[in-house]
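Worksheet for the structure shown next.
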Amino acid sequence: MTTFDTGTTGFMLLATSLVMLMTPGLAFFYGGLAGKRNILGIMIQSFVSMGITTILWFICGYSLCFSGNELGGVIGDFHKAFMNGVDLNTPFPGNHKMPEFVFFAYQMMFAIITPALITGAFVNRVTFKSYLIFLVAWQLLVYYPFAHMIWGGGLLATWGVRDFAGGIVVHATAGFAALASVIYVGKRRDKESLPNSVPLIAIGTGLLWFGWYGFNAGSQLDVDAITGLAFVNTDVAASFAAITWLVIEWSRAKKPKFVGLLTGAVAGLATITPAAGFVSLPSAVMIGIASGIICYLAVNLKNKMGWDDALDVWGVHGMGGVTGTILLGVFATKAINASGADGLITGSADFFLKQVIAVVGASIYAFIFTYAMLAIINAITRVRVTEEEEDKGLDASLHGELAYDEGVL
């Protein structure tokens, strides 16, 4: 029987657990931001991804992302479908210190949370049946190809694109899919719906922030100095982004907003993700500040344009992922991580341009495909809820449950 390194394997199991915790954290974050009649409707969309995505990942997802190289490096093959050929003694090809099924589990958690991110954009407007179809189709045709192209040794990886933990694969694709969803589904009837529970938003943010250490530090897939750097860069960028957002909003609204502070932190976490293990600590500070400014401005642009992205998925995650990927092209240096690249500051305009082209291309593809996919799904089953269902709230009308028993209060 193969002997694996217990430290590396144990750390990766811990990192996997932390990333898993982010999906319930996202559910709490979105649940607190949603209106009182739609708390469960938005939370179940996160939790159901834990079940559906796990099934899909076992059947074919892992294989399509991390086995083979088909269609010119756009997607993998089915050789490891149902975990065929992977047993207790099979080492992970990228690091023989741990078994492959641990890597299988770790990457599965990324696949679970990515489509769940999109749901905050169309809160209280989409039927549950259409969302389930969306959940499967979007992973097969958006998430899996980009996961393979960047992390599975596919087209973009061989071209030289870098994405440490998901600026393109997770945040840019999900954020621009969210924008497409908003434009396709249309505006809420009640656009003045206020967050039902700021404490719930805070709990969700805390879980996301905590889990993000596994998300970013774990993406080194080993235990070394880069693991520690990614961990620290994650915390620093989130902190600087949170305070930057707080200061900007305070100066404009004349009051320090707690939800703004929390939103800024999540924006910083999303923005540092592609760069966490490739840039220095001072660079992470700059990325955090830039995140607070750019994501705040993106949310304001969304409001001016009239896009009803209810929970600011595009402004925070979409623009965060794009910003972080481009800034990686600026701040990356092989002096920090030899497996990374040299960015604009260290003299490589070539890498910078590749990062820009890759993230812009991924965002455009995710937007166009998502819009078209929703139109196809609508031809199969109704995507948008009826006016009566929306007015009543999705918790009662679609799920027959309420978050709070108002009769007891």
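Here the condition is being over 21 Å from Thr8 (Cβ atoms) and either touching a residue at least 60 places away in the same chain (Cβ under 8 Å) or surrounded by fewer than 15 Cβ atoms within 10 Å (Cβ to Cβ) (or both); of Trp151, Trp159, it holds for Trp159 alone. Somewhere in the range 174-187, is a residue more than 17 Å from Gly120 (Cβ to Cβ) and among the charged types (D, E, K, R)? Checking the range 174-187: not a single residue is more than 17 Å from Gly120 (Cβ to Cβ) and among the charged types (D, E, K, R).
If you go through the range 168-215 and keep only what is assigned to a helix (DSSP H, G or I), open to solvent by 20 Å² or more (accessible area, probe 1.4 Å) and of a type in the set (A, V, I, L, M, F, W, C), you end up with Phe176, Ile183, Val198, Leu200, Ala202, Ile203, Leu207, Trp209, Phe210. Here Leu88 clears all of (1) at pLDDT 95 or above; (2) over 20 Å from Met319 (Cα atoms); (3) open to solvent by 20 Å² or more (accessible area, probe 1.4 Å) except the condition numbered (1). Would you be able to say whether some residue in the range 75-96 is in contact with an Asp or Glu (Cβ under 8 Å, 6 or more places away or on another chain) and of a type in the set (Lys, Arg)? No, the conditions are met nowhere in the range 75-96. When Met22, Met50 are screened for being surrounded by fewer than 24 Cβ atoms within 10 Å (Cβ to Cβ), touching a residue at least 12 places away in the same chain (Cβ under 8 Å) and in contact with a helix residue (DSSP H, G or I) (Cβ under 7 Å, 6 or more places away or on another chain), only Met50 passes.
The set of residues in the range 71-100 that are over 14 Å from Ile59 (Cα atoms) and part of a helix (DSSP H, G or I) contains only Glu100. Within the range 375-403, restricting attention to residues that are buried (at least 17 other Cβ atoms within 10 Å of the Cβ) and among the aliphatic types (A, V, I, L, M), the residue that is modelled with the lowest pLDDT is Ala403.
Return the residue satisfying two criteria in turn: it lies in the range 298-319 and is more than 23 Å from Val169 (Cα to Cα) and free of Cβ contacts under 8 Å to residues at least 60 places away in the same chain, and of such residues it is surrounded by the fewest Cβ atoms within 10 Å (Cβ to Cβ). Residue satisfying both the conditions and the ranking: Lys304.
Residues checked against (1) touching a Pro at 6+ places or on another chain (Cβ under 7 Å); (2) open to solvent by less than 20 Å² (accessible area, probe 1.4 Å):
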position: Ala34; (1), (2): no, yes
position: Arg37; (1), (2): no, no
position: Gln45; (1), (2): no, yes
position: Phe58; (1), (2): no, no
position: Ser63; (1), (2): no, yes
position: Ser67; (1), (2): no, yes
position: Ile75; (1), (2): yes, no
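Please indicate, with yes or no, whether at least one residue in the range 52-74 is of a type outside the set (Asp, Glu) and under 16 Å from the mean Cα position of the chain (by Cα). There is at least one residue in the range 52-74 that is of a type outside the set (Asp, Glu) and under 16 Å from the mean Cα position of the chain (by Cα).
Residue by residue, here is whether (1) within 17 Å of the chain's Cα centre (by Cα); (2) assigned to a helix (DSSP H, G or I) holds:
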position	(1), (2)
Trp314	yes, yes
Ala335	no, no
Phe369	no, yes
Ala396	no, yes
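Total residues in the range 358-374 satisfying the condition of being among the hydroxyl-bearing types (Ser, Thr, Tyr) and open to solvent by less than 50 Å² (accessible area, probe 1.4 Å): the figure is 2.
Contact map, the range 1-14: residues that are closer than 19 Å to Gly211 by Cα and in contact (Cβ under 8 Å) with a residue 60 or more places away in the chain paired with residues that are open to solvent by 60 Å² or more (accessible area, probe 1.4 Å) and β-branched (Val, Ile, Thr), Cβ distance under 9 Å, separation 6+ or inter-chain. Pairs shown: Thr8/Val223; Phe11/Val223; Met12/Val223.
Against the definition (over 29 Å from Asn303 (Cα atoms) and at pLDDT 95 or above), how does Phe231 come out, yes or no?
For Phe231, the condition - over 29 Å from Asn303 (Cα atoms) and at pLDDT 95 or above - is met.
Taking the conditions exactly as written (assigned to a loop (DSSP other than H, G, I, E, B), at pLDDT 95 or above, open to solvent by less than 10 Å² (accessible area, probe 1.4 Å) and not aromatic (Phe, Trp, Tyr)), does Ala165 satisfy them or not? Taking the combined requirement at face value, the residue satisfies it. Suppose we keep only residues that are assigned to a loop (DSSP other than H, G, I, E, B), modelled with pLDDT of 95 or more and in contact with a Lys or Arg (Cβ under 8 Å, 6 or more places away or on another chain) within the range 341-357. Which one would you say is least open to solvent (accessible area, probe 1.4 Å)? Filtering first and then ranking leaves Ala341.
The values are calculated or read from the model by the stated rules, or taken from the named source; none is laboratory data. This structure is a prediction, so every number in the text was calculated from the model and none was measured. Note that each Cβ is placed from the backbone with ideal geometry, even for glycine, and that neighbours are counted across all protein chains shown. These area figures cover heavy atoms from the full protein model, side chains too; ligands, DNA and RNA do not enter into them. Shrake-Rupley method; radii C 1.70, N 1.55, O 1.52, S 1.80 Å.
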